[in-house]
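The block underneath contains the structure these notes are about, expressed in structure tokens.
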Amino acid sequence: MTLAIGFIGLGNMGGPMAANLVSAGHRVTGYDLVPEALKQAEAAGVSIAGSAAEAVSEADVVITMLPAGRHVLDTYRALLPAVKPATLFVDCSTIDVEDARAAHEIVAAAGHQAVDAPVSGGVAGASAATLTFMVGAGEAEFAAARPVLEAMGNKIVHCGESGAGQAAKICNNMILGISMIAVSEAFVLGERLGLSHQALYDVASTASGQCWALTSNCPVPGPVPASPANRDYAPGFASALMAKDLGLAVDAAMTADMTLELGRRASELYRSFADGAGAGLDFSAIVRQIRKQVTQ
């Protein structure tokens, strides 16, 4: 079934996602504040609107991919007067769990459906339509959103009610951030002990140290040709985004009355790195920071 989709946020992730919706046969109208993003989306077949409200005025589904919870909430408040009755709102941003729940409440109070559906898979997954979607919604909302999400990804997981998608995303990325630090420390220790990168990789990748951070996003050049380490750490998944997601995990832990020992330390390391030498680099470049600390 062809749907009219309004897509707000056509950046590195949103642009390819919108293009895949076009390829799936949907009518997509998009809006972004960045002219270059609009140009690229238009080249991919997205109709460009003059404003966010115009982009969603005839939409059956509104998809947002925005930087933070405050942007999602502000956008929803601005768009609600412009949409048709019974519109489905799908937020693919990574935001605070409480903001996701607040967004759901705003939409539901206006008589519409809402889904939080953050993604995993990065720019490569967005381009190839192989993203994983972690969905927080009721059964009816999930069923309504699933066909749209399937045009952009190959794994759609219903994690629970409103906010559960965001909870799954930040928990997953906390595992990833901590894992990358552990893998990086192991490689730096191996360097100090005279062990080659390839030797350590050959052992750990087939032993109990095996993990995604090692086998798909190895933080040193050589063992995994597709990893950002072989492209001078061009992202990929940027350090700033990892810092953001770890910060969300720490914030969520505070509301859950929980202390995150490793999660909090990982958040501190990535925030410092992203604000300094790691700005604009893939999150696997944290190995540089660890190597620098060892030699100080």
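Could you tell me which of rounded, prolate or oblate describes segment 145-243, using a ≥ b ≥ c as the square roots of the eigenvalues of the alpha-carbon gyration tensor, with rounded for a/c under 1.5 and, failing that, prolate when a/b is larger than b/c and oblate otherwise?
Prolate shape, in that a/c is at least 1.5 and a/b is the bigger ratio.
Sequence-distant or interchain residues sharing an amide H contact under 5 Å with Lys84, placed H: which?
Here Ala59 satisfy the definition.
Could you run the Debye sum over the Cα atoms of the chain, one equal point scatterer each and no solvent, and tell me log10 of I(q)/I(0) at q = 0.14 Å⁻¹, two decimals?
Treating every Cα as an identical point scatterer, log10 I(q)/I(0) equals -1.01.
At a Förster distance of 22 Å, what's the computed FRET efficiency of Ala108 paired with Lys155, Cβ-Cβ distance as r, to 0.05?
0.25
What shape does segment 40-96 have by the C-alpha gyration tensor, where a ≥ b ≥ c are the square roots of the eigenvalues, rounded means a/c under 1.5, and otherwise prolate means a/b greater than b/c and oblate the rest?
Oblate, because a/c is 1.5 or more while a/b does not exceed b/c.
Charges at C-beta only: +1 for Lys and Arg, -1 for Asp and Glu. How large is the resulting dipole of the chain about its Cα centre, in Debye rounded to 20?
640
Give the accessible surface of the chain per residue, rounded to a whole number of Å², with probe radius 1.4 Å and ligands, DNA and RNA excluded.
44
Please get the size of the charge dipole for segment 90-154, origin at its Cα centre, with Cβ charges of +1 on Lys and Arg and -1 on Asp and Glu, quoted in debye to the nearest 20.
240
Set Lys and Arg Cβ to +1 and Asp and Glu Cβ to -1, take the dipole of the chain about its Cα centre, and tell me which of Pro81, Val123, Gln198 lies farthest positive.
Gln198
How much of the DSSP beta bridge set in the chain is antiparallel, as a percent to the nearest 5?
15
Separation between the Asp232 and Ala124 pseudo-spin-labels, each 7 Å from Cα along Cα→Cβ, expressed in nm?
2.0
Which value in nm describes the separation of the simple spin-label points at Thr2 and Glu98, placed 7 Å from the Cα toward the beta carbon?
4.5
The values are calculated or read from the model by the stated rules, or taken from the named source; none is laboratory data. The structure displayed is predicted, hence computed values, not measured ones. When we count neighbours, we look across all protein chains shown, and the Cβ atoms used for this are built from the backbone with ideal geometry, even at glycine. Remember, those area values only see protein heavy atoms, side chains included, never the ligands or the DNA or RNA. Shrake-Rupley method; radii C 1.70, N 1.55, O 1.52, S 1.80 Å.
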